[in-house]
1. Six or more apart or on different chains, Cβ atoms under 6 Å: show the pairs whose first residue is in the range 162-182 and part of a loop (DSSP other than H, G, I, E, B) and whose second is surrounded by 13 or more Cβ atoms within 10 Å (Cβ to Cβ) and acidic (D, E).
2. Given the range 4-105, what helices (runs of 4 or more DSSP H) lie entirely inside it while holding 2 or more residues that are closer than 29 Å to I122 by Cα and basic (K, R)?
3. Need the failing condition index for E151 against (1) in a helix (DSSP H, G or I); (2) more than 15 Å from ligand 2 (Cβ to nearest atom); (3) of a type in the set (D, E), just the number.
4. Specify which of the listed residues (S61, S115, S129, S147) is surrounded by fewer than 17 Cβ atoms within 10 Å (Cβ to Cβ) and closer than 30 Å to T16 by Cα.
5. Restricting to the range 1-19, give me the number of residues that are open to solvent by 20 Å² or more (accessible area, probe 1.4 Å), at pLDDT 85 or above and closer than 15 Å to E43 by Cα.
6. Taking the condition of being open to solvent by 40 Å² or more (accessible area, probe 1.4 Å) and either aromatic (F, W, Y) or within 10 Å of ligand 2 (Cβ to nearest atom) (or both), how many residues in the range 154-174 meet it?
Amino acid sequence: MTKRIKLALQKKGRLTDACRQIFEKNGLSCKEANRQLVYSIPEAPIDLLFVRDDDIPMLVSNGVCDFGIVGLNVFQETKYEKQGDFDAEIFAPLGIAKCRLAIAVPENKKVDALSDLNNLKIATTYPASVRNFLQEKELNSQIVYLSGSVEIAPQLQLSDVIADIVSSGATLKENNLKEMTTILDSEAVLINNKNIDGDAKDIADRLMASFAN
Ligand code: PRP
Ligand code: ZN
């Protein structure tokens, strides 16, 4: 029996459609991820596992999956959160699903220099990435965690500013927020468990080569 790899993909969300498109463009069927959460691609030695995107870095780190496709933002967040205890690494960037993790402030609020962030509350879904950024810049802002709809936080007086994913910028605009600074430029990346063997790497190399066509 030839070797197959396990590749974790996002079950439902922005990355799901982008992934399906690149797989199908290359003649790899990518079963609709409605109910069936495991799908063996007949045309390639790849088993797809459809999971929540936040779980993908840990599933790859602990070896449950050999590979995963996830936003760099989610990968970095997990890496900062787990610190030393993390065995996933980036295999290749995919050049799709580009976005950025940025700090945004209410349009009517004067926060221009980074030092203006001192003593402010920052609402975010990415506390470990924001903490790392604050440490690097020697800032002492306070982090307020929200699992979604972060842009609402300043209106609710939960925070002064936010740090969230910006893609088109429409969500910021609709909530009267303006971008102030970028914490991370992100895109979808193929990640691998650090202990995969040469055969698994060959399969991933072939997948990447087919994506390049
Ligand atoms: C994401 C992200 C931003 C928005 C950015 O939220 O957290 O809010 O998309 O996209 P835009 O710049 O194109 O408007 P999502 O829709 O995934 O919802 P969530 O915040 O509840 O996770
Ligand atoms: Zn959002």
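1. N175/E151
2. Correct list: 72-82.
3. In the conditions (1) in a helix (DSSP H, G or I); (2) more than 15 Å from ligand 2 (Cβ to nearest atom); (3) of a type in the set (D, E), E151 misses (2) alone.
4. Values: S61 fails: surrounded by fewer than 17 Cβ atoms within 10 Å (Cβ to Cβ); S115 fails: closer than 30 Å to T16 by Cα; S129 fails: surrounded by fewer than 17 Cβ atoms within 10 Å (Cβ to Cβ).
Checking each option against the conditions leaves just S147.
5. Result for the range 1-19: 3.
6. Going through the range 154-174 one residue at a time, the tally reaches 3.
The values are calculated or read from the model by the stated rules, or taken from the named source; none is laboratory data. Here the structure is a predicted model, which means the values were calculated and not measured. Every residue, glycine among them, receives a Cβ derived from its backbone with ideal geometry; neighbour counts consider all protein chains shown. What goes into the accessible areas is simple: the full protein's heavy atoms, side chains included, and nothing from ligands, DNA or RNA. Shrake-Rupley method; radii C 1.70, N 1.55, O 1.52, S 1.80 Å.
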